[in-house]
Structure formats: C-alpha cells, structure tokens
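Undergrad: Please read through the structure below; I'll follow up with questions.
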Amino acid sequence: FLTALYEVEQTTREAQVNKLLRMLDPDLSMAMATRLKQNGVLAAEKTESVNSSWELQDLSVDESDPYILRAIGTRKIRRKASGQDVEESVQLKCKFLLKDSPSAPIRNDNNLRTGFTILRFRVEPVNGKTVSPITLIGDAEETSPQNQPVGETTGGK
C-alpha cells in the first residue's frame, strides 16, 4: 500500500493509485479517491513532474492488537518547482487499522483479495511538520494543523 501511495512514476501512476484504492475498505476507498481529486494531488504531481521512491525501514504489528500495523519509511521526492529541479526527503510514520475481508457485503473483483482491507490509516512525518495539502483518512476526521496527516508533497500548494 505504501509503495503504491508513495512511489510515483508518471507512466504508472494511474495503475498504482487504482491498486492502492483497491486495498482500502470500500467506504475509505471512495473517501480517499474524492480527496485526491478535490485536492488536485494527482494533477499537481503531473504538473510538477513528480517522481518519488519509497523505502520501508520498519514494519511491526501492535502488541495489543494484531490488526494494527505501524510502519516507518523514507520517501524521496524529485519534482520541478518554478522551473527548478527540487529534491526532498521525508521520513514518515504510518499507522494502519486492518480488518478481515468482510463476509457481507462480499468483496467484489474491484478489491484486491489479500484477506484484509485497510479500514483506517494515518501517515505523519516523523519530525511532526505538515507538508501536505491533503488530509488522509486517519483515526479521526481531525483537520487541525497539528494533526493533519501527510499524503502527497506538492510544494505546499
């Protein structure tokens, strides 16, 4: 999921976004697609010729709940801003709440059949600074500047 979200290559971006949306709970998938469109993240990536890579550094299962995963990784971003090539690197911490694939409604062929779907997730930079125009669906629908999760870096637009 994190690879599909954070590794950006313009020639495969649409397929990657479709793949990540299929890993989400259907309601979350619709909300995520709506936010990506409303906030113009994909259009901004294309306009700024964004290419980025994702390197997972650690993935662990919460000791108190096997349906909670925590990940830490680094996203390296290359883009054009005001005609200049810009390179950025941000370390992100991620928290996921998974659920078993539901028996009702049954998952359809639009969903990846992994046995789990992502019910909720939150992504934040390790340093605590918000550098994103979008708020991903997190543990709560909080949009205060302190709790705004990071989705895509688009140069602070």
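The values are calculated or read from the model by the stated rules, or taken from the named source; none is laboratory data. No experiment lies behind these values; they were computed from the predicted model shown. Neighbour counts run over all protein chains shown; Cβ positions are idealised from the backbone, glycine included. Please note that ligands, DNA and RNA were not included when accessible areas were found on the heavy atoms of the full protein model with its side chains. Shrake-Rupley method; radii C 1.70, N 1.55, O 1.52, S 1.80 Å.
Undergrad: All but one of (1) part of a strand (DSSP E or B); (2) at pLDDT below 90 hold for L42, so report the exception by its number.
TA: Here L42 clears every test but (1).
Undergrad: Going through L59, L92 one at a time, which residue ends up being outside any loop (DSSP other than H, G, I, E, B), at pLDDT 55 or above and open to solvent by 80 Å² or more (accessible area, probe 1.4 Å)?
TA: Working: L92 fails: open to solvent by 80 Å² or more (accessible area, probe 1.4 Å).
Result: L59 is the single residue among L59, L92 that is outside any loop (DSSP other than H, G, I, E, B), at pLDDT 55 or above and open to solvent by 80 Å² or more (accessible area, probe 1.4 Å).
Undergrad: Please give the number of the condition N51 fails out of (1) open to solvent by 60 Å² or more (accessible area, probe 1.4 Å); (2) more than 18 Å from R122 (Cα to Cα); (3) in contact (Cβ under 8 Å) with a residue 12 or more places away in the chain.
TA: Condition (1) is where N51 drops out.
Undergrad: Please identify the pairs in which a residue from the range 54-73 that is within 15 Å of F1 (Cβ to Cβ) has its Cβ atom under 6 Å from the Cβ atom of a residue that is among the acidic types (D, E), counting only partners at least 6 apart or on another chain.
TA: Close Cβ pairs (under 6 Å, with a partner that is among the acidic types (D, E)) amount to W54/E7; I68/D62; I72/D58; G73/E55.
Undergrad: Residues T12, T3, T34: which one is in contact (Cβ under 8 Å) with a residue 40 or more places away in the chain and either at positive phi or open to solvent by 20 Å² or more (accessible area, probe 1.4 Å) (or both)? Reasoning before the result, please.
TA: Numbers: T12 fails: in contact (Cβ under 8 Å) with a residue 40 or more places away in the chain; T34 fails: in contact (Cβ under 8 Å) with a residue 40 or more places away in the chain.
Just one listed residue meets the conditions, T3.
Undergrad: Out of all the residues in the range 15-31, which are open to solvent by 50 Å² or more (accessible area, probe 1.4 Å) and under 18 Å from N51 (Cβ atoms)?
TA: Selection gives A15, K19.
Undergrad: Restricting attention to the range 112-132, and to residues there that are assigned to a loop (DSSP other than H, G, I, E, B) and open to solvent by 40 Å² or more (accessible area, probe 1.4 Å), which single residue is modelled with the highest pLDDT? Steps first, answer last, please.
TA: Of the range 112-132, the ones assigned to a loop (DSSP other than H, G, I, E, B) are 112-115, 126-132.
Now drop any that are not open to solvent by 40 Å² or more (accessible area, probe 1.4 Å), which leaves 113-114, 126-131.
Working: R113: 57, T114: 58, V126: 86, N127: 77, G128: 55, K129: 55, T130: 49, V131: 46.
Applying the filter and picking the extreme gives V126.
Undergrad: Under the condition of being polar (S, T, N, Q) and in a strand (DSSP E or B), which residue from the range 76-89 is surrounded by the fewest Cβ atoms within 10 Å (Cβ to Cβ)?
TA: Quick first cut of the range 76-89, residues polar (S, T, N, Q) only: 82, 84, 89.
Filter once more, so that each one left must be in a strand (DSSP E or B): 84, 89.
Working: Q84: 7, S89: 11.
By that ranking, first place goes to Q84.
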